[in-house]
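The values are calculated or read from the model by the stated rules, or taken from the named source; none is laboratory data. Keep in mind that this is a model prediction, so the values were computed, not measured. As a convention, Cβ positions derive from the backbone with ideal geometry for all residues, glycine included, and neighbour counts pool all protein chains shown. We work out accessible area using only protein heavy atoms, side chains counted, and drop any ligands, DNA or RNA first. Shrake-Rupley method; radii C 1.70, N 1.55, O 1.52, S 1.80 Å.
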Amino acid sequence: MIDTAVLWVRAEASMRAGRWNDALAQLRKLIEVVDRIDFEYEEWLRAMAESLRALGQFRDAAACWAYLGSTEAPGKAQLDRLRVEIDAGDADMQAVRLFGVYLSRAGHHRDAATWFELAHMPIHRAIEFERAGHDAEAAELWSELIDGRRADLLAERPYEQALARINYGLCLHRLESERARQALAEATTAVEEVADRFETEGLRERAFDCYQLLARIGLETGAFENVAEGYLNSVRILRDDALKLDALRLYEGFVTLARRAGEYHAVAGILREAADYCARAGLPYGDDLRLRAGEAWLKAGDDAAAHAHPVQIVENAYLAAAESYVSVRAFRQAAEVYSRVAQLEIKGRERYRRLLQRLGKNPEDAPRPVPVPEFLKRLPEFEEVWYVDLAEWELEGDPALIAAGVMADRRFPDYVRRHALLLVLELGKTGRDKPRSQVEIVRRLKGIRAYPVIAALERMYATGDAAVRREVAHALGALRFKRSFSTLSKALRSDDPEVRAKASDAISNLYFPHAFDRLRRVFEARDLPDADDARTAAVKAIGRINTVEALDFLCDRLREADHSYISHVTAAISELNNADLAPYIRQQIDLVPPAYRSVLEDAAQRMGG
């Protein structure tokens with residue numbers, strides 16, 4: 001166990017005596033203790049930055065200041081000296097790239113664009129121009145990237161090409177250019193084509209990103225049809241992945257945006273669709289959504305009447321409102337709607353008067369149903385994939401640059417950022433000392449536990465030897481993201497049996513609700529060299545997901561009675577802990593062979609079913 005108090009006393013004494021190397025040795029041990037409270041860890045880091053600066057190790061000192069959120073843009077004189085060094089071939093280009101990342105994360109976007117220019121990173125430079133509000137400069141860069149004037153960076157890269165087209169079109173839109181409409185039409189077509197391809201390949205999470213891009217185009221340009229296409233396709237993907245609350249959140253987000261746009265028919269229709277989805281998914285908000293659908297239909301009818309639309313449109317909207325109210329026993333509100341319909345200049349008014357009489361003079365409403373929680377009604381915030389995915393591609397899986405981006409981004413938890421800092425400093429030290437092994441870098445990346453490091457692991461798997469691939473497969477088991485399955489799928493088909501074994505172990509640790517579809521694909525694959533190991537791993541992971549879809553999968557295995565997996569399935573069922581599954585377990589009892597019914601009965605009883 002490290003005695004941090006002793007190390008800190010020694011470090012302080014060495015600093016006071018000007019023994020900066022001795023101080024640095026103590027401080028490097030201290031910052032490895034990543035579970036300390038903020039003020040203590042940051043005190044160590046400030047001392048380390050001072051020691052590094054005194055030793056002339058400015059690259060590592062900059063990393064410490066970036067973690068502390070204290071990155072400042074250098075002056076013109078320093079930039080001029082750097083340009084001379086770059087022209088002479090004497091500059092540390094990795095340090096230039098890293099400092100550009102630090103400036104970007106610190107919000108110095110115009111200065112970051114300058115450093116990315118020096119680092120020959122045109123995509124990052126264009127992004128920083130946009131973030132700084134320099135749309136004309138950004139549009140010029142995007143245009144060069146799209147048409148190949150700045151090398152063929154995006155050739156044969158349809159997804160990245162589509163992202164660049166969106167950014168270009170929106171820059172022109174903000175500049176009120178006459179070319180904006182054509183550019184955005186081309187961008188929309190490009191994104192739709194890529195989304196279709198991703199869905200065909202089963203990469204629904206990538207298609208989801210594309211649909212969010214379409215919604216972004218609609219939000220920025222005021223094109224409601226793009227908002228609708230983006231949101232409703234995103235909802236469909238979330239529904240397919242059984243992410244119930246996320247799907248409902250997007251439904252609510254679309255309702256908010258449609259209401260702002262005055263699209264009351266769309267509001268009413270999507271509320272009814274959301275209500276039907278809640279009924280199928282077992283969520284208790286269906287009646288609230290139907291009641292709100294009635295209110296939206298009433299608003300749509302009033303709006304149509306105010307704009308002198310044909311009376312049939314008004315009548316249909318009112319009748320849809322009445323139907324929604326009656327479905328939730330809101331009879332008083334239904335009576336008010338029928339009274340409005342009876343006053344319209346239409347045929348059959350007597351029918352609605354008779355309906356009013358049936359409801360009586362003072363009909364009562366049922367109690368207000370369970371409302372959708374307010375937190376689900378907030379507009380969702382999504383990652384800026386139009387920037388993030390392009391920037392990731394330009395980084396080419398560089399571990400230092402990816403870790404630097406995580407480390408300097410204060411949205412990540414401190415524990416994650418500290419592990420990223422350790423890797424950045426380790427790689428900086430490696431540049432001066434002996435090369436660090438790729439296996440050690442993979443282990444450091446695994447400790448970061450953040451989505452961006454998957455890109456670095458993918459690159460290292462593609463370029464590394466068998467030992468590196470084994471370590472990458474092992475590391476991906478700690479990163480519970482759907483993207484982890486892409487590389488693990490390759491690892492399961494590796495020529496190296498140890499890589500395949502590590503991949504199977506990793507698969508068994510990837511249990512989270514929206515992993516179900518990928519895990520099922522692993523189980524159903526027929527081209528795996530070690531099929532039994534991979535399928536067993538998939539069964540183990542699915543058994544820990546605790547969703548209705550996972551339960552159905554486990555019961556299907558019981559019905560198949562394949563003894564290769566029965567013990568794993570029964571163990572998984574006995575450990576289910578989601579009380580909402582109790583009624584579904586009861587339904588399955590009579591549908592599995594008698595030998596396995598006791599497992600389901602015990603599970604249902606344990607969960608109160």
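What the table shows:
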| item | result |
| --- | --- |
| First in segment 374-393 and charged (D, E, K, R), second anywhere and at pLDDT below 90 and part of a loop (DSSP other than H, G, I, E, B), Cβ under 9 Å, 6 or more apart | 389/383 |
| Any hit, segment 437-451, residues being more than 21 Å from residue 382 (Cα to Cα), part of a loop (DSSP other than H, G, I, E, B), at pLDDT below 95 and not aromatic (Phe, Trp, Tyr) | yes |
| Qualifying residue in segment 175-182 (condition: surrounded by 18 or more Cβ atoms within 10 Å (Cβ to Cβ) and of a type in the set (D, E, K, R)) | no |
| Residue within segment 413-424 that is over 30 Å from residue 56 (Cβ atoms) and not in a loop (DSSP other than H, G, I, E, B) present | yes |
| Among the residues listed as 123, 166, 127, the single one being assigned to a helix (DSSP H, G or I), surrounded by 22 or more Cβ atoms within 10 Å (Cβ to Cβ), among the β-branched types (Val, Ile, Thr) and in contact with a Lys or Arg (Cβ under 8 Å, 6 or more places away or on another chain) | 166 |
| Residue tally, condition open to solvent by less than 40 Å² (accessible area, probe 1.4 Å) and either in a helix (DSSP H, G or I) or under 24 Å from residue 139 (Cα atoms) (or both), over segment 74-106 | 13 |
| Flag if residue 322 is in contact with a Phe, Trp or Tyr (Cβ under 8 Å, 6 or more places away or on another chain), open to solvent by less than 30 Å² (accessible area, probe 1.4 Å) and at pLDDT below 85 | no |
| Hits in segment 30-45 - residues which are touching a helix residue (DSSP H, G or I) at 6+ places or on another chain (Cβ under 9 Å), surrounded by fewer than 16 Cβ atoms within 10 Å (Cβ to Cβ) and in a helix (DSSP H, G or I) | 38, 40, 43 |
| Among (1) over 20 Å from the mean Cα position of the chain (by Cα); (2) surrounded by 21 or more Cβ atoms within 10 Å (Cβ to Cβ); (3) in contact (Cβ under 8 Å) with a residue 24 or more places away in the chain - the single one residue 221 does not satisfy | (2) |
| Tally, over segment 453-479, of residues that are surrounded by fewer than 18 Cβ atoms within 10 Å (Cβ to Cβ) and either touching a helix residue (DSSP H, G or I) at 6+ places or on another chain (Cβ under 7 Å) or of a type in the set (S, T, N, Q) (or both) | 4 |
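Residues checked against (1) open to solvent by less than 80 Å² (accessible area, probe 1.4 Å); (2) without any contact (Cβ under 8 Å) to a residue 40 or more places away in the chain; (3) assigned to a helix (DSSP H, G or I); (4) not assigned by the TED database to the domain that holds residue 270:
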residue	(1), (2), (3), (4)
289	yes, no, yes, no
299	no, yes, yes, no
312	no, yes, yes, no
318	yes, yes, yes, no
344	yes, yes, no, yes
